[in-house]
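Take a look at the structure below.
The values are calculated or read from the model by the stated rules, or taken from the named source; none is laboratory data. Just so it is clear, the structure is predicted and the values come from calculations on it, not from any experiment. Reconstructed Cβ throughout: ideal geometry from the backbone, glycine too, with neighbour counts over all protein chains shown. Side chains are part of the model used for accessible areas, which takes the heavy atoms of the whole protein and leaves out ligands, DNA and RNA. Shrake-Rupley method; radii C 1.70, N 1.55, O 1.52, S 1.80 Å.
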Amino acid sequence: QVQLVESGGGLVQPGDSLRLSCTASERTFNSYRMGWFRQAPGNEREFVATIDRSGRATFYAGSVKGRFTISRDNAKNTVYLQMNNLTPEDTAVYYCATSIVSGSVVQQKYYDTWGQGTQVTVSS
């Protein structure tokens with residue numbers, strides 16, 4: 001089973017940027033749709049962004065559209081989440097996940113394997 005490891009989280013100030021990475025353990029990485037989700041304290045985990053196997057099609061939650069960019073490098077088995085103009089409301093643990101569904105699914109039930117998460121804290 002594929003394993004996912006996220007990295008790149010940290011403590012930043014409002015308006016700053018961060019780039020999260022998620023690296024998969026298998027060369028079959030390019031057979032999976034990838035998604036990013038996040039969970040803030042006291043909240044349920046929510047969808048952030050998803051990207052298809054080729055990297056050509058992306059879809060975002062309304063709260064991050066225009067500020068976050070999901071991308072992937074299949075040669076490196078890695079998916080990225082570039083986060084710009086961060087606000088305190090973006091504070092959460094961010095998770096990447098795999099899916100074999102071809103459409104731009106946002107529901108967690110369609111994602112099979114999850115990473116351990118990386119903490120992003122936005123505070124002045």
**OP:** Please give the length that would be gained between ARG67 and LYS109 if that part of the chain were fully extended, namely 0.36 nm times their separation in residues minus their C-alpha to C-alpha distance (nm, one decimal).
**Re:** 12.6 nm
Original post:
Ignoring ligands and nucleic acids, what accessible area does THR58 show with a 1.4 Å probe (Å², nearest 10)?
Top reply: 60
**OP:** Return the carbon/sulfur percentage of the accessible area of segment 1-62, one whole number, probe 1.4 Å, all protein chains in place.
**Re:** 42
Subject >> Fraction of antiparallel bridges per DSSP, the chain only, in percent to nearest 5 >> reply: 90
Original post:
Pulled fully out, how much extra length does the chain show between ILE100 and GLN82, if you take 0.36 nm times their separation in residues and subtract their Cα-Cα distance?
Top reply: 4.2 nm
Subject >> Environment charge of ARG19, counting only residues whose C-beta is closer than 14 Å and scoring Lys/Arg +1, Asp/Glu -1 >> reply: -1
Original post:
Counting other Cβ atoms within 10 Å, which GluC sites (Glu not before Pro) in segment 25-101 have at most 10 and lie in a DSSP loop?
Top reply: GLU44
Original post:
Hey, what's segment 5-124 come to in accessible area per residue, 1.4 Å probe, Å²?
Top reply: 50
